[in-house]
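*Asks:* After the structure tokens below, expect a handful of questions from me.
Where a number appears in this text, it was derived from the coordinates with a stated rule and is not lab data. This one's a predicted model, so the numbers in the text were calculated from it and none came from an experiment. Reconstructed Cβ throughout: ideal geometry from the backbone, glycine too, with neighbour counts over all protein chains shown.
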Amino acid sequence: MSNPYVPILVLMGVGAVLALGGVGASWILGPRRYNRAKLEAYECGIDPTPHAVGGGRFPIKYYLVAMTFIIFDIEVVFMYPWAVSFGMLGLFGVVSMLTFLALITVPFVYEWRRGGLDWD
């Protein structure tokens with residue numbers, strides 16, 4: 001019998017070849033007409049400033065949006081396998097998921113109190 005990991009390794013190899021092939025093809029076939037505007041960082045048409053607007057700190061709102069994504073992403077990643085095998089886990093599965101949800105609630109409440117869920 002063959003190793004069950006061989007298809008996974010083949011798929012990873014095909015993915016690596018496609019990724020590196022795409023990067024290599026764009027490097028070989030892509031245009032090389034550089035000018036000052038193309039070499040600058042994209043800032044939505046606004047000239048970049050060395051500091052935040054007004055000279056203050058960077059707004060925490062951006063970090064809170066990122067935290068929201070991370071919280072819900074991690075929650076879904078862990079709840080999906082739990083939901084699939086819910087019948088086999090029994091009481092241990094329920095208690096462990098309730099503990100996980102309680103721990104996930106802490107950053108969610110922090111973000112809520114900091115105003116991360118208020119839309120301007």
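*Asks:* When all C-alpha to C-alpha distances in region 57-114 are sorted into bins of 5 Å, what percent of pairs does each bin hold, rounded to whole numbers?
*Replies:* Histogram of Cα-Cα distances, whole percents per bin: 4, 17, 23, 19, 14, 10, 7, 4, 2, 1, 0.
*Asks:* Quick one: 3J(HN,Hα) in Hz for region 98-113, Karplus 6.51/-1.76/1.60 with θ = phi - 60°, rounded, Gly and Pro as x.
*Replies:* Using θ = phi - 60°, the values come out as 5, 5, 4, 5, 5, 5, 6, 5, 4, x, 5, 5, 4, 5, 4, 5 Hz.
*Asks:* Still on this structure: Rank-order 82-95, 104-117 by packing density, defined as the average count of other C-beta atoms within 10 Å over each peptide's residues, highest first.
*Replies:* For the peptides 82-95, 104-117, the packing ranking is 104-117, 82-95.
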